[in-house]
Amino acid sequence: MTHRLLLPLLLTMLLSGCGFHLRGQIEFSPLLAVPYVNGKDSQFVSALSAGLRQSGIVPTKDPSNSTAIIDLIAVEFDRMANSIDSRGVATGYLLTYKVSYRVVNRSGRVLVENAQVGLTRNLTYQSTQVLQKEAEESALTKTMIDDIVRQMVRRLGSVSYSRIRARGFAPVSPQLQVAGS
């Protein structure tokens, strides 16, 4: 009986002593309290907006009500033949997804300069499995978008007043900015 109680206690002590901690919720700066996501790729804009909502930030659809603008400079998806068979038919593709973005506050000061997030995945392909591979490519592309959104949200969590002060800018109160518009 004592051994049954001692083992979970010992495991708990070992895990807490090794530095293991759950990641927890990302705490965002007030500068990103109400962001506006600006971009031409509606699929990525909606995915990023959903990712921000999952992290506790509610993006606005009106840029005049925002505290910051996440400007998607470029969203690029590329599908390139990686290998071909003896008949010249592609048997593998290299899928590349890149997003370039910047974050600007309401007064036009750049909080995050041109940043880029990109992923590359391999997709093997056989001409006899066209429908399955199209579905697999679509699922892989969605997974790539989700991964890039998670990376961007983590990076946006590092935007803070200290970065702005280090550049010599005075912090801007988001409440004053929103109320003044």
For Lys98, counting only aspartates and glutamates whose alpha-carbon sits under 18 Å away and dropping same-chain residues fewer than eight positions off, the answer is Asp41, Asp71, Glu76, Asp78, Glu113, Glu137, Asp146, Asp147
By the mean-Cβ-within-10 Å protection proxy, highest first, 53-61, 91-99 rank as 91-99, 53-61
Expected unfolding gain across Arg109-Asp85 under the 0.36 nm per residue rule, minus the alpha-carbon gap, is 3.4 nm
Once all protein chains are kept in place, Glu113 shows an accessible area at probe 1.4 Å, nearest 10 Å², of 120
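The values are calculated or read from the model by the stated rules, or taken from the named source; none is laboratory data. Worth saying up front: this structure is predicted, and the values here are computed from it rather than measured. All Cβ positions, glycine included, derive from the backbone under ideal geometry; neighbour counts span all protein chains shown. The protein model used for the area step is the full one, side chains on, heavy atoms only, and it has no ligands, DNA or RNA in it. Shrake-Rupley method; radii C 1.70, N 1.55, O 1.52, S 1.80 Å.
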